[in-house]
1. Okay, helix-only estimate at 222 nm for the chain: each DSSP H run of n ≥ 4 adds -39500 (n - 2.57), divide by all residues, round to 500 deg cm²/dmol; what do you get?
2. Among D110, D85, D23, which one shows the highest mean-square fluctuation when the chain is modelled as a Gaussian network with alpha-carbon springs under 10 Å?
3. I need to check one value: relative contact order of the chain, counting alpha carbon pairs closer than 8 Å and at least 6 residues apart, in percent.
4. Using a 1.4 angstrom probe and counting only protein chains, how large is the accessible area of V48 in Å², to 10?
5. Which Cα, out of F125, A28, N71, lies furthest along the positive dipole direction of the chain (beta carbon charges, K/R +1, D/E -1)?
6. Would you indicate which of (1) 23.2; (2) 13.9; (3) 12.0 is the value of mean projected area of the Cα convex hull in nm² derived from the coordinates of this structure?
7. So how do F111, F53 rank on accessible area, 1.4 Å probe, biggest first, that is with the largest at the start?
8. Among the listed pairs K26/K97; K7/K98; K92/K132, which are separated by more than 25 Å between their Cα atoms?
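The values are calculated or read from the model by the stated rules, or taken from the named source; none is laboratory data. In this text, all values refer to a predicted model and were calculated from it rather than measured experimentally. Every residue, glycine as well, gets a Cβ built from its backbone with ideal geometry; the counts of neighbours run over all protein chains shown. Protein only, heavy atoms only, side chains kept; ligands, DNA and RNA dropped before computing areas. Shrake-Rupley method; radii C 1.70, N 1.55, O 1.52, S 1.80 Å.
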Amino acid sequence: MVQGSFKRQVEVGRVVLINHGADAGKLAVIVDIVDHNRALIEGPICGVARQAFPFRRMVLTPLVIKNLPRNVGQTALKKAMEKSDIVGAWQKTAWAKKIEQRKARANLTDFDRFKLAKLKNQRRFAVASAVKAAKKQ
């Protein structure tokens with residue numbers, strides 16, 4: 001195996017996205033590592049209670065809160081999350097934007113989908129016309 005092939009390590013302070021259960025879609029922070037299958041997580045800003053959570057039901061994000069002590073209390077964790085602006089940094093990532101885009105598309109009505117198809121058709125026509133004009137020159 002190539003040295004350094006993994007970019008995201010399970011570590012205290014790593015921000016995770018929960019992908020299963022009642023808190024699916026919420027952000028939390030690894031507070032402590034229980035064993036090789038579970039970690040103690042908490043997300044006081046996003047409304048995730050402190051709980052032991054299996055790794056297979058969360059996804060590691062590239063965000064990390066540096067120098068976070070193990071088993072940090074809720075108030076100190078909340079201050080650290082606010083200080084490093086974890087939610088704001090998450091909202092700026094392409095991953096979060098893609099999730100929001102999926103939600104917006106899932107909530108479209110039939111008429112909205114029709115309007116979107118018409119706009120895409122107009123764009124396709126304009127691009128094709130511009131390409132054709134550029135090829136002539």
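1. Value at 222 nm, helices only, nearest 500: -13500 deg cm²/dmol.
2. Judging by the Gaussian network model, the answer is D110.
3. Numbers: 154 pairs, mean separation 24.5, N = 137.
RCO, the chain: 18 percent.
4. Spelled out: V48, probe radius 1.4 Å, area about 10 Å².
5. F125
6. Computing mean projected area of the Cα convex hull in nm² and matching it to (1) 23.2; (2) 13.9; (3) 12.0 gives (2).
7. Ranked from most to least accessible, the order is F111, F53.
8. Working: K26/K97 14 Å; K7/K98 21 Å; K92/K132 37 Å.
Over 25 Å apart, Cα to Cα: K92/K132.
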